[in-house]
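Trainee: One structure coming up, written as structure tokens, with questions to follow.
The values are calculated or read from the model by the stated rules, or taken from the named source; none is laboratory data. What you see is a predicted model; the values in this text were computed from it and never measured. We place every Cβ from the backbone using ideal geometry, glycine too, and count neighbours over all the protein chains shown.
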Amino acid sequence: MRRKFTTLLMSLLAVLVLISSNAMAQYPEISIYDLQYVADPVSDDLSPFLNDTVSVTGLVMNGPRDLWIGARWALYIVDPDSFPNPWSGFFVLQNDTFAVNTNFGFIEPGMVVKFTGTVSEFGNFSQVGQLTDPLTPVEILSVGNPLPDPLVLTAQDLDGRANGEQWESMFVRINGASIVNNNIAGNWASFTDASGSTGYLAEYFNWWRDRLQAGSISWPVNGSDLDLWGFVRDESGTPGQVYSVNPRDDMDLDVADCIPPTISSTQRLPGVPTSADAVSVSATIIDNANTISAAILHYSVDEGPFMQLNMTTSDSVYSASIPAQADGATVRYFYTTENSCGSSSGSPGDTTRASGQVFLYTVRDNGLIISDIQDTRGYAVDISPYDSYVVTVRGVVMTDSTDEIGDYWIQDAAAPWSGIWVNDDTFTHVKGDEIEVTGTVDEDFGVTRIESVTSSVVVNAGVGEFAPIDVTTGTVTTGGVGAESYESVLVRIPSAEVTGEFPDGFPGFGEFVVNDGTGDLRLDDFFDAYPGQGADTTYALGEFYDLTGFGYFSFGNYKIIPRDTLDVIPVDVSIDEDLAVPTEFELEQNYPNPFNPSTDIRYSIAKAGIYSLEIYNVLGQRIATLVSKQHAIGTHQINWAGFDSNGAQVGSGIYFYRLSGEGVAQTRKMILLK
């Protein structure tokens, strides 16, 4: 127990127990297990009681004001009879803290309480909102109960929905963890353990959030060994959908004695180098208990091997100089350091392409192009290489000034990585003008944009906007290998069916889900000029639309954001002769062929079953799987934008695409020209 009850509070609670006995029986009493359990969380992790009003009983694990949830109260609860079994944690909140006589504000850890409210989902995180209309106070059943010990898990147990969904809202402990990256966007940190998987620490408790926001505390330095406690949330962040562990305060982190040095204030000068510039890179490296025994800069040119430079120090600032490189060269770099007690750390902490990042820049004598700012060269963490640096870039305005007041989008090509969002409430422009913008690159909740604009001028008027790139829903949705590359790029989906009206429960947040046969994709009502899904179901199940919009990311999902209602055009599929039921298995020639940057692959399925469409290089090596799933009888179409399974752009050359399944297979050849 972290808090003790006063005699006055105990007396007050006794009164509340008496007055909170009310007519709750009018709503079904559902166990935490039944609220949480889903048979296949990978395909659908929404509570089976979504939008229902229910009563649920649980042991309270924290105070109602402990969590960062705005002007609301919220609690983690566990089933006092079944914890720590799977599916035995839940989350409750009172959205309206002005509602009186709910008793919610008097709740303390150790109480067993019955809550009545409506089940909802926030970014796929299940919760019950306390019922205030009509008012149904919480019912305090008992007080002073001991809190259970945390459930011991590993990072692997929280790796993906198949493993992690059953532990949502549970109180857990992870032993023998090691911090990998203590500076992930959103005040997060990543860690690993003996399982080899990556887990995440987040700051949902106010104790952490307030101090991290103020800069008065930080997560343990990269390389720190520790045991950690916290509550599990299904949420989003820079890595995408993850299960984060949220400690209550610093007592939930037990850090080993030999702490690695801290690396901070990393920078390069100049931030946007030309071929005439040697680049000075520096970092502040501090160890309060030991001496720094090594500080090394690692750098690589054009995917060559990493070379090492010993850094020199001046008052805790360590620096080294990367030699000038040729125009167009890409330079990657990162830092490592070690102290006298043998602990080491790095920045970034995780430098693998699969889950991490490095610092990088592209040498440009004639100015940056947008892809220099957007393309992370295959690294999973999608933070711009120019984050926090002032840049100047040219692009064609792709939005009207009235689409989103104070923002516009520009592109310098009809290609992946070639668009960017400009947050600018000073300058306005006409769609189709080429402009030159100077401002600071910023990561806005996982989306790269240019803000703090100091100059934005027209350089070529009336050149005309780029046509949207035809893609499939499976390409630009969460998990699509090319999804990140289409961020802020105008794309088009020629025909997609509405498959989900309110993915976040009714009335939702203006979003809905479409699918063209390659995967579900959300549409978001980001733009002022686009109303999105309304309470009267503007976009109904089974309707088809021709969709245009920019690639976007929020709350753990890749989406597209239409500019206005003209970007969402109804399609009458009843007169489409191509929808005739095919009578034979056929893989058609891709179009266009040769292609650049993308091509469509169309095929017909005469027998329902599981089919796979795969891409091979001339050596016979499989480089990408575009789809592998159950197919209905019919004609299907997939777009391939030249990305392999790791999200890297492949080079020019001959490739083969193969469709197989249900005892049949066909292969065709295509050519990518750049």
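Trainee: For the stretch 558-611: of the residues being assigned to a strand (DSSP E or B) and over 27 Å from residue 665 (Cβ atoms), which is modelled with the lowest pLDDT? Step through it out loud before you land on a result.
Mentor: As a first pass, look at the stretch 558-611 and keep what is assigned to a strand (DSSP E or B): 558-561, 568-571, 586-587, 591, 595, 599-605, 609-611.
From what is left, the residues that are over 27 Å from residue 665 (Cβ atoms) are 558-561, 568-571.
Working: 558: 93, 559: 96, 560: 97, 561: 98, 568: 95, 569: 92, 570: 91, 571: 84.
Restricting to residues being assigned to a strand (DSSP E or B) and over 27 Å from residue 665 (Cβ atoms), the top hit is 571.
Per-residue answers, yes or no, for (1) of a type in the set (Val, Ile, Thr); (2) modelled with pLDDT of 95 or more; (3) part of a loop (DSSP other than H, G, I, E, B):
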{"residue": "248", "(1), (2), (3)": "no, yes, yes"}
{"residue": "257", "(1), (2), (3)": "no, no, yes"}
{"residue": "263", "(1), (2), (3)": "yes, no, no"}
{"residue": "266", "(1), (2), (3)": "yes, yes, no"}
{"residue": "272", "(1), (2), (3)": "yes, yes, yes"}
{"residue": "283", "(1), (2), (3)": "no, yes, no"}
{"residue": "297", "(1), (2), (3)": "no, yes, no"}
{"residue": "300", "(1), (2), (3)": "no, yes, no"}
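Trainee: Applying the selection to the stretch 338-393, what residues are assigned to a strand (DSSP E or B), over 17 Å from residue 273 (Cα atoms) and of a type outside the set (Gly, Ala, Ser)?
Mentor: If we filter the stretch 338-393 for residues that are assigned to a strand (DSSP E or B), which is where we start, we get 338-339, 344-347, 359-362, 390-393.
Applying the additional criterion that residues be over 17 Å from residue 273 (Cα atoms) yields 338-339, 344-347.
Listed by number, the residues that qualify are 338, 339.
Trainee: From the list 221, 152, exactly one residue is of a type in the set (Val, Ile, Thr), in contact with a strand residue (DSSP E or B) (Cβ under 8 Å, 6 or more places away or on another chain) and buried (at least 18 other Cβ atoms within 10 Å of the Cβ). Which is it?
Mentor: Details: 152 fails: buried (at least 18 other Cβ atoms within 10 Å of the Cβ).
Testing whether each residue is of a type in the set (Val, Ile, Thr), in contact with a strand residue (DSSP E or B) (Cβ under 8 Å, 6 or more places away or on another chain) and buried (at least 18 other Cβ atoms within 10 Å of the Cβ) leaves just 221.
Trainee: Just one of (1) surrounded by 19 or more Cβ atoms within 10 Å (Cβ to Cβ); (2) under 22 Å from residue 113 (Cα atoms) trips up residue 147, so point out which.
Mentor: All conditions pass for residue 147, except number (1).
Trainee: Then there is this: Specify which of the listed residues (328, 230) is at pLDDT 95 or above, exposed (fewer than 14 other Cβ atoms within 10 Å of the Cβ), touching a Lys or Arg at 6+ places or on another chain (Cβ under 8 Å) and not β-branched (Val, Ile, Thr). I'd like the intermediate steps shown before the answer.
Mentor: Numbers: 230 fails: exposed (fewer than 14 other Cβ atoms within 10 Å of the Cβ).
Matching residue, one of 328, 230: 328.
Trainee: Ok, one more. Which of the residues that make up the stretch 433-461 are surrounded by fewer than 16 Cβ atoms within 10 Å (Cβ to Cβ), at pLDDT 95 or above and part of a loop (DSSP other than H, G, I, E, B)? First the steps, then the outcome.
Mentor: We begin by selecting, within the stretch 433-461, every residue surrounded by fewer than 16 Cβ atoms within 10 Å (Cβ to Cβ); these are 438, 444-445, 451-452, 454-455, 457-461.
Next, from what is left, pick out any that are at pLDDT 95 or above: 438, 451-452, 454-455, 457-461.
Of everything in the stretch 433-461, just one residue is surrounded by fewer than 16 Cβ atoms within 10 Å (Cβ to Cβ), at pLDDT 95 or above and part of a loop (DSSP other than H, G, I, E, B), namely 461.
Trainee: Does any residue of the stretch 409-424 turn out to be touching a residue at least 40 places away in the same chain (Cβ under 8 Å), surrounded by fewer than 22 Cβ atoms within 10 Å (Cβ to Cβ), over 23 Å from residue 183 (Cβ atoms) and out of contact with any helix residue (DSSP H, G or I) (no Cβ under 9 Å at 6 or more places or on another chain)?
Mentor: yes
Trainee: Scanning the stretch 367-399 for residues that are of a type in the set (Gly, Ala, Ser) and modelled with pLDDT under 95, which turns out surrounded by the most Cβ atoms within 10 Å (Cβ to Cβ)? Break it down into steps so the answer makes sense when it comes.
Mentor: Initially, the stretch 367-399 is screened for residues of a type in the set (Gly, Ala, Ser), giving 367, 371, 378, 380, 384, 388, 395.
Add one more test, that the residue is modelled with pLDDT under 95, and what stays is 378, 380.
On the way: 378: 14, 380: 19.
That would be 380.
Trainee: Looking at the stretch 37-117, what strands (runs of 3 or more DSSP E) fall wholly within it and have at least 2 residues that are closer than 21 Å to residue 507 by Cβ?
Mentor: Hits in the stretch 37-117: 53-60, 89-94.
Trainee: One residue is enough: does the stretch 166-181 have a residue meeting the conditions closer than 25 Å to residue 38 by Cα and surrounded by fewer than 19 Cβ atoms within 10 Å (Cβ to Cβ)?
Mentor: yes
Trainee: Same structure again: Regarding residue 402, is this residue among the polar types (S, T, N, Q), modelled with pLDDT under 95 and surrounded by fewer than 17 Cβ atoms within 10 Å (Cβ to Cβ)? Break it down stepwise before answering.
Mentor: Values: among the polar types (S, T, N, Q): yes; modelled with pLDDT under 95: yes; surrounded by fewer than 17 Cβ atoms within 10 Å (Cβ to Cβ): yes.
In short, yes.
Trainee: A further question follows. Just checking, how many residues over the stretch 302-319 are crowded, with 21+ Cβ neighbours inside 10 Å and assigned to a strand (DSSP E or B)? Give the derivation first.
Mentor: Just the residues of the stretch 302-319 that are crowded, with 21+ Cβ neighbours inside 10 Å, to begin with: 311, 318.
Still in the list and also assigned to a strand (DSSP E or B): 318.
Residues that pass the stated criteria total 1.
Trainee: Residues that are of a type in the set (Ser, Thr, Tyr), at least 1 per element: which strands (runs of 3 or more DSSP E) completely within the stretch 118-163 meet that? Spell out how you get there, then give the answer.
Mentor: Working: elements: 125-130, 139-142, 151-153.
Here the list reads 125-130, 139-142.
Trainee: Which residue is nearest to residue 566 (Cα to Cα), if the candidates are limited to the stretch 501-524 and must be assigned to a strand (DSSP E or B) and touching an Asp or Glu at 6+ places or on another chain (Cβ under 7 Å)?
Mentor: In the first step, residues of the stretch 501-524 are kept if they are assigned to a strand (DSSP E or B); the result is 512-515, 520-523.
Within this subset, residues satisfying the condition of being touching an Asp or Glu at 6+ places or on another chain (Cβ under 7 Å) are 512-515, 522-523.
Values: 512: 17, 513: 18, 514: 17, 515: 19, 522: 18, 523: 14 Å.
Restricting to residues being assigned to a strand (DSSP E or B) and touching an Asp or Glu at 6+ places or on another chain (Cβ under 7 Å), the top hit is 523.
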